[in-house]
Amino acid sequence: MLSAAKSMGLLPDMKKRGLFSRKTSSNVWHKKVEMATNCHKPILNVDLAKNPEFPWTTVQEITETYLSRKKETSSSEKRDAKLLKLMLKHGNREVALAACAHLVSPETLLTFIKGNIHMSPYQAPAYVRLIAVASYTNPLAVDQMELSRARSLNKVLSAPSLWDILPLLETEVVASSLLHPQIVFYVQRIFSTFALELETLVSKGQWYDVHNINSNWLRIVYQNQINNYASTLRADVLLNIALPSWKKYSEWKPNVQRLHNWTKFSADQRALFKDVLALEGPDILEGVQPTLRAALVARQQRSNQPGLRHGGLYLELSSGAQTGLEKLSERLCKFMDDVSTQSKYSMALLGHYLKNGFDLNAITLLEGVLKIGDNWITARVVEFIKSTNRESNQDIERTIRVVLALGHPKARDLQQPMSPQIIPIVSGHMERLERELMPGIMAQYAVEEAERNLYAFGCRVRLVAWMIPLLDESWQVLFRNWPLAETLERTQTLRKDLARMQTDDATRIVGLVNRYCRSKLIRRLPTHPKHTLIIEALLDLWRSTQDTERRSLAVFLAYTSRFAVDACCACIKSLEMPDNNFITQTDRLLGQHDITICLGLASLLAERSNSSSISAWKDFLLHIIDDFKGDLLTYTLEKSGVSTWFQFLDDIDQAFRDTIRLDTEDSLTTILDPALHLWNIELLSYRSILICIEGFDHSKSALYCFLTGFNNPQRGDLVAILELLRINSDAGILPSLVTVVTFLTTNGHNAQVVSEALSAMFFTRQVCLREAIEVIDLYRNYSKIFARLRLFNLLLDTERVSTETHMLEQIGKLLSIQQEDDTELTEEELTAVIADITDQFDAILVEAERLDSLRISCQNLDSSSTSEMLKTLGIKIPSALEDSLGSLRYHSWNVMDQISEHEVDLYFPLTELTPFQRTAMGMGESKSLILRITLNSMNLPTKYCIHSENGSDSSLGSHSQWRVGGYMIPEAPYCEQVKLTRATYQLYRDIWRYLSDGFTSIERIYALVSTKLGSMGSSCMVCGASGVKLFRSTVCTNTTCIQTALRMDIDIRLVDLRNDPAVVDLLVLVEYTVAKLGTLKLLPGLPTKFPANIISTIDSLPPMAYLQRLSSFGLATTLSSHHRNADAALTWLCNTYRGYIVSATGKFRIPNIPHAHQFLLASATPELESAWMANYIEEDKTSRVLFHGTSIDRLYAILCQGLRVCSGTELQRNGAAYGKGVYMAEEPSTSWPYARLSTHSWKNSIFKSVRVLLGCELAGESVPKAGNIHMIEDASRLMVRYIFVMPEETRAPLASHLTTAMMSVFNSLRSGAV
């Protein structure tokens, strides 16, 4: 402060005057002032008022006396400096100020006071007293406004209060005010303390206390909008810093009484219910609503959301309701008003819903719990509500307990809110019990435990009267018909007894019992009413008797209840009768055919025709008979015969004597028709004739016609036929007559024709009868055409008498052969005759094969004896080869040719192969493939060779064949007739492996080769391992196979040089470019590591077109003469990439790319093709065309390994803007810059300065990353199909000119159309 005064010129240089070296009069002033004050302070702390005991006048006079003695105080500046020095040196600045301030100028006084601003804010009480002293002693320096501020601040300092700070804020406190720093500090401190206390109370849920400390203070601040003071002391600004949400609290208008009620909650309860208690708190969302609850309701109404959520609280609104949320939240708050006085169970229930959300039912339930005030009921409700796994047995028991508790009259109000939770659980448990029962019922096995569980639970549910109307209608229907416990017990007993019977009938009835239980215990699965009647009849019988025979018979009746339920039930009821003999005999009929049961039961009823206890059985028998309808007689004739039928009708007559009325035609069933019984009586005289007819074949229809002739219009003819047979029963012509009678139809419409034929046969010789029977045999055993031809041949005999001719004509009429049919056979008839003869021929061949097989077996067992026997019989002994060929099916004879005694040729036509397939197999123009096999005396192959046929007789000339067996696998051409190809090489090895494993038959060899020709590309051409189908055979990844391929004949190794020299030229160009660039790593597996060797070898090669024209020998000689490594280099190039490239010509060539040389990669490596096809199938067999530009040096690596993701590797050439992947384009122009021009070309190449554009097929779809650029992360989805080698002057084509044609070729490749 002294330095400041000096700088302002207010203090002289005291060192020059020696004031510091001696005692001056100023010390006297300090002592006098201290003595005058007598330790009194000038200002009272309470309101900064003057202390009346302080000697104001005395101290001022002391100062004035002191100044009067000083000569250097003549000017005001010197006086101010002297006084300032005194005040600064005095120990009590308040006293010093009270003594000197009245003599100091206002400016110097303010300088002194402001010098104390640097006091700590915690020294503010002393500072405000300085201001008060200055105001009292020098009003010009410190006015009343400053004094007023000082008083307000002093009041705040003595007792900090929000209300006390309000007057301070209402006064203008500019930045230049003496108290501005202290006021800012303490206001901010009070606001921060207020905010901290407020947040603490809010976190504890003490909203009543929050309201008390807040009261209306913030509202007054907000409403008055105090803004008449500097911005640094704006209340809203300071509050925004300390409490940003203060405006929302200012608008808070809670229900104070409610807040007071909630003070009853303990601290733990307030912590648990804090989200609910906050509903009555301020609107912290927008600050415009009186409470948070009102704000949440308003937000929900605007957003039309199904509920209200705040923190962990969730109120769910019923669908369709909009204004109900306000009422729902009010009800929740009202519940909170009252719940504090309730039991721990009510509090637990409230806590549960706080965790899981409230809805209308939850609020209603809470209100109901409060209303009833019953701890036991509330405890059951809480126990149920808090259960977690409501499918467990323990929780089901809780459900039952709460259901029973809700049945109490006091809990009636809880039924409605609890039912939405209880009903699904009860229904769900019933449904689970149903599902446990259903498998056993459907599978027809006992499930008693499941039945008992379902029944027990259902009984408990039925006791809850209030709940039944709330269940689904299907449950209500089920419970209205709920069975008694006795019924269920008897049903289970019945099922056990049926299971012990171990009969088919009992097993089937178990299913009915299960379905009966199902209808009683399971909803919407009613059983058929007739099944219900049957099971209930069985239950009644089981209750009345334990007799095994009666129960067994009852089961049989239950099973046969399909005939008549009422009759069967009556029969089961009648089993209680005492006639044990009837029961025993009836029981013996069980398990028999229905016809046997009918016949046997009719016999039993005939014996007891007068017994009234068996009337039900008569009805039962009639229903069985009626069920057979017209088939009863047929079954009887098939099973028993005519005699049984007569006996059956007699038993029916005895049993139903009272029912049959001879004077009426109206009867219950056909079997009781009086006309039938009268006809039966009439037939008794012809019984022996009918039995005789029964002994002939094809007699069933005739017998049926006779036995049912009672209502036949041809009844007279039937009687005439029987009479004719009876008259001639002892004659020799009876068999012939009966043969004619067997043509009688079931309905008897040809009875007159039969009768006339029989009459004509009486006057015919035996020879003619035999001829007639011969015609009948041809008709029956062969065909009508044969019978017709024979009959017309007989009729052409002019020496026959008229009676015999008439008889034959009657036979023809009987067989529906008319004389006008004596014409030439129609084409249809001739075809039928040929087919019949062919069938007979086939049968003869089958028999011949059987006999020949028998001969061969005999020869194998005893060759000499068999040969001797054959010589004796004059049969030639065939050779082993002839036996082998003879064993073939005759349709295979046209593909096999016996060349000599031990040689056979097998022909395999190649006419179905397309030119593309022929080229791939190396078959050229060959029409067929011929396999010549030599067999030994044991009919086993010893050697073979394969050659192609071009139209000449390939059987001429000698053949050097490969021997079967040993360890030498065919690798080189052996037959002079053979030019070895990839196909023949592969077949040589396949046949060798087959024959080495064991020969079975020539036909099996033919099948093997035929199969191999159709799938040449599906297996390794060296080891035969199967793989993906390709257009051309290649080798697998086995090192041995690859090395073997490199050693193959030159016509196989360099087949591409023969077929497509441009392909070899392209491959050589790739190797040459790689060698020139020194990037040999782009040729995986290259034998040499010296680029110079590669360059010299390739430059020594002649043009590929020249090499194509050379013979095999000339080619090998030429290559070795040009360079010793030439053959090996070309062999490695043409075989190690293991694919198949062809020049795209004809339909494979893509138009609109002039001057470009196009290559089609028909097959990539098997691994690449397999991976791509898997992706193609996974992508629903969809694909698209994309393009990729590359350089010529990378082409061979792409052929070997496919397109690869090189991002982040040393092979990466361009950027990866969209991540790691293979970058493709929809437009060739986009890929064109990446197809780098290569100026390297070997000496005799047809390609000069070219770039490479790849046309690829992508499995599936892809979304462009930008424009038409695609980034494919999975490279296995890409397959290179086209290689466009573009000259330097060529421009990039348009995709629209290429993609359609390319996709057509891709589809053709996959479909095999090429």
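The values are calculated or read from the model by the stated rules, or taken from the named source; none is laboratory data. Every value quoted in this text rests on a predicted model; they were computed, and no experiment measured them. Cβ sites come from the backbone with ideal geometry, for glycine too, and all protein chains shown count toward neighbours. Please note that ligands, DNA and RNA were not included when accessible areas were found on the heavy atoms of the full protein model with its side chains. Shrake-Rupley method; radii C 1.70, N 1.55, O 1.52, S 1.80 Å.
The residues of the stretch 43-104 have, on average, 47 Å² of accessible surface per residue, using a 1.4 Å probe with all protein chains present.
Once the Cβ-Cβ distance of L404 and Q476 is raised to the sixth power relative to R0 = 25 Å, the FRET efficiency obtained is 0.80.
Segment Q898..A465, full-extension length gain: 146.2 nm, with 0.36 nm per residue of separation and the alpha-carbon distance subtracted. Ordering of 1074-1083, 897-906 by packing is 1074-1083, 897-906, highest average first (other Cβ atoms within 10 Å, averaged per residue).
Return the subset of K1181/K1248; K247/K371; K1147/K1220; K871/K943; K155/K274; K520/K573 for which the Cα-Cα distance in this structure is over 29 Å, preserving the input order. Correct reply: K1181/K1248; K247/K371; K1147/K1220; K871/K943; K155/K274. What distance in nm separates the two pseudo spin-label positions at S1018 and K639, each 7 Å out from Cα along the beta-carbon direction? Calculated label separation equals 5.5 nm. For K639, a cut-off of 26 angstrom between C-alpha atoms picks up these lysines, skipping any fewer than 8 places away in its own chain: K618, K629, K700. Less than 17 Å apart at the alpha-carbon level, and either on another chain or at least 8 residues along: which aspartates and glutamates does that give for K264? Within the straight-line limit of under 17 Å, K264 reaches these aspartates and glutamates: D209, D275, E280, D337, D338.
Taken about its Cα centre, the chain carries a charge dipole of roughly 12560 debye when the Cβ of each Lys and Arg holds +1 and the Cβ of each Asp and Glu holds -1. Using a/c under 1.5 as the rounded threshold, could you call the chain rounded, prolate or oblate? The axes a ≥ b ≥ c are square roots of the C-alpha gyration tensor eigenvalues, and prolate needs a/b larger than b/c, oblate otherwise. The shape class here is oblate. Applying a threshold of 22 Å to the alpha-carbon distances of K50/K85; K32/K70; K248/K334 flags K50/K85; K248/K334 as lying beyond it.
Entry comment: accessible area of the stretch 1167-1314 is 44 Å² per residue, from protein heavy atoms only and a probe of 1.4 Å. The share of accessible area on the chain that comes from carbon and sulfur is 52 percent, using a 1.4 angstrom probe. List the lysines whose Cα sits under 17 Å from the Cα of K1243, skipping any in the same chain fewer than 8 residues away. The reachable lysines, counting only those whose Cα sits under 17 Å from K1243, are K1076. At full extension, C39 and Q840 could sit 272.9 nm farther apart than now, given 0.36 nm per residue minus the alpha carbon distance. Note on S937 and D852: with the Förster distance fixed at 22 Å, the Cβ-Cβ geometry gives a FRET efficiency of about 0.75. Looking at the stretch 705-821, the accessible area is 46 square angstrom per residue; that uses a 1.4 Å probe and ignores ligands, DNA and RNA. Between E489 and L684, the FRET efficiency from the beta-carbon distance, with R0 = 45 Å, is close to 0.20.
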